[in-house]
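Scroll down for the structure; my scribbles are underneath it.
The values are calculated or read from the model by the stated rules, or taken from the named source; none is laboratory data. These figures come from a predicted structure and were not determined experimentally. Quick reminder, even Gly has a Cβ in these numbers, built from the backbone with ideal geometry, and neighbours come from all protein chains shown. These accessible areas exclude ligands, DNA and RNA; they are computed on the full protein's heavy atoms, side chains included. Shrake-Rupley method; radii C 1.70, N 1.55, O 1.52, S 1.80 Å.
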Amino acid sequence: MFFETIAKVWQTGWRQLFIGVGNTLLISLISTIIGLLIGLLIGIIRTIPQSKNPVLKVVKKIVNVILSIYIEVFRGTPMMVQARVIDWGYAFIAGGQTLPLIPSALFIVSINTGAYMAEIVRGGIISIDKGQFEGAQAIGMNHFQTMVYVVIPQVLRNILPSISNEFVINIKDTSVLNVIGVAELFYQATVLSKLTFEIFATYAIISVMYLIMTFTITRLLRLFEKLLEGKNTYTIMGSQSDPKAEIHIKSEGRDGN
Amino acid sequence: METENIFTVKNLTKDFGTNKVLKGIDLTVNVGEVVSIVGASGSGKSTFLRCLNLLEEPTGGTILYRGENILDKNFDLSKYRAKIGMVFQQFNLFNNMNVLKNCMIGQQKVLGRSKEEAKNKALYYLEKVGMKDYINAKPRQLSGGQKQRVAIARALSMDSEVILFDEPTSALDPEMVGEVLMVMKNLAESGMTMLVVTHEMQFAKDVSSRVIFMDGGVVAEDSTPEIIFNNPKNLRTKEFLRRVLNEDI
């Protein structure tokens, strides 16, 4: 009985549901990436060393205040509310014109993720040994070079678990975008349930679909983490004279000094 | 022999809050000199060295590098630091790069050298410090002594005019101190200008051309190793040497 209902609902609406999956993945993937870029940019800006120039000092203070407000506002209000405020706010200002749905969904989720990512990146930067910054400065790198070539690559590796966490949260939280009518998975399910009157079956189906998405993504990112970790062995170059005499030295630990 | 000034330090002071660490340092260093800076912990040796490439911002005084005031507002700090090599107690190799890349990145990004040129230079100096076989290793896979030798190669690859050593052997296991000191000795013999903050009295005595004894944030004695170690003028120098040399035995 139950499975028959499921099959019936699936048959009626699988196309719509896959469109929903596509939109959910598209929005959460792109927004996580844009959010990460926002977070990294904020991380680089916030760590700029104090300038001696009084004008730059003031500029830096103002920028920092603006960034703090941005982070506090977007972390401190529900994304569902942000979605409505941005979408209807635009319509209010533009005299009834509405934003195209997918771009505004991307905008809302990205800017929301960016606020969280900024804090994750900040934690990542704090965790990097001060010596890494000094080593870079001592050979003449400026702040931007130090961050891009030395610090951020290490930060990214350290915060990868948090990034994949954000990604999974975004897959689930895009469901709130149904309030502005974005055709993501939850929205599609709502439409389908109204069509078939099988509310339980419809949402049971999309629970499984959400779970498959998040599970696959977590595993994929775990694999990526392993790849980034790199090989545990290296080849001593002197042994090249004899190709069979490769000496592999096992490292003692991940960060063993 | 004609001597050329590389550093002229005048009345250099540095406060950390209310803690006055440097209380007016005056010092001139000439090209080709190997200056050991010794003294008790907290005497300001490392702070002084770090002021020379502005890892610490001096509170007062002037530092001239080849006659140019490095504390000037319009002074090009990046370009200056590229010329001043620094070797740290904690090595500070870039953890995300292998040995070769560690010695190339500064050349490419700061000096604007081509990849080929940077690689050749890096290999040349890595060979000099005996680390050419390890170019593919990551810092975490090396011993302390190996890391420090790579750090020296990294500084040399930038074609530094001076190298500052901030207690380069203090974080090493005893059996690894020798290999690093050997590299430093060879470097000194090649004519490199070096300022070395160290607790290795044997190195100060045998390798350096000049020894500076710092005490309480000032230069208490500045002389040749022979005089400092055999016939120090300052009472505090005598006391310090008696303490550390006795410990050595």
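Scan the range A:136-152 and give yes if some residue there is in contact with a strand residue (DSSP E or B) (Cβ under 6 Å, 6 or more places away or on another chain) and more than 28 Å from A:Phe224 (Cα to Cα), otherwise no.
yes
Which ones in the range B:2-35 are without any contact (Cβ under 8 Å) to a residue 60 or more places away in the chain, buried (at least 20 other Cβ atoms within 10 Å of the Cβ) and of a type in the set (Val, Ile, Thr)?
B:Val9
Of all the residues that make up the range B:103-157, how many are closer than 12 Å to B:Val183 by Cβ and of a type in the set (Ser, Thr, Tyr)?
Selection size over the range B:103-157: 1.
What's the number of the condition B:Val197 fails, among (1) crowded, with 19+ Cβ neighbours inside 10 Å; (2) on the phi > 0 side of the Ramachandran plot?
(2) is the only condition that B:Val197 fails.
Take the residues in the range B:67-83 that are in contact with a helix residue (DSSP H, G or I) (Cβ under 8 Å, 6 or more places away or on another chain) and not β-branched (Val, Ile, Thr), then tell me which one is nearest to A:Glu134 (Cα to Cα).
B:Arg81
Could we say that B:Ser190 is free of Cβ contacts under 8 Å to residues at least 24 places away in the same chain and among the hydroxyl-bearing types (Ser, Thr, Tyr) here?
Against the criterion (free of Cβ contacts under 8 Å to residues at least 24 places away in the same chain and among the hydroxyl-bearing types (Ser, Thr, Tyr)), B:Ser190 qualifies.
So how many residues does the range B:125-148 have that are away from chain A (no Cβ under 13 Å) and either modelled with pLDDT of 95 or more or at positive phi (or both)?
Final tally of qualifying residues: 1.
Hey, can you tell me all the residues within the range B:61-87 that are among the polar types (S, T, N, Q) and more than 8 Å from every other protein chain (Cβ to nearest Cβ)?
B:Thr62, B:Asn69, B:Asn74, listed by residue number.
Yes or no, residue by residue, for (1) of a type in the set (S, T, N, Q); (2) touching a residue at least 40 places away in the same chain (Cβ under 8 Å); (3) open to solvent by 80 Å² or more (accessible area, probe 1.4 Å):
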| residue | (1), (2), (3) |
| --- | --- |
| A:Val63 | no, no, no |
| A:Tyr70 | no, yes, no |
| A:Arg75 | no, yes, yes |
| A:Met79 | no, yes, no |
| A:Phe92 | no, no, yes |
| A:Gly95 | no, no, no |
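Anything in the range B:212-244 that is open to solvent by less than 70 Å² (accessible area, probe 1.4 Å) and part of a helix (DSSP H, G or I)? List them, or say none.
B:Pro225, B:Ile227, B:Ile228, B:Phe229, B:Thr237, B:Phe240, B:Leu241, B:Val244
Taking helices (runs of 4 or more DSSP H) that do not extend beyond the range A:62-177, which have at least 2 residues that are away from chain B (no Cβ under 14 Å)?
In the range A:62-177, A:79-93, A:101-126, A:152-173 are the helices (runs of 4 or more DSSP H) which contain 2 or more residues that are away from chain B (no Cβ under 14 Å).
Considering only the range B:88-122, state which residues are more than 10 Å from chain A (Cβ to nearest Cβ) and over 22 Å from the mean Cα position of the chain (by Cα).
B:Gly112, B:Arg113, B:Ser114, B:Lys115, B:Glu116, B:Glu117, B:Ala118, B:Lys119, B:Asn120 - these are the residues of the range B:88-122 that are more than 10 Å from chain A (Cβ to nearest Cβ) and over 22 Å from the mean Cα position of the chain (by Cα).
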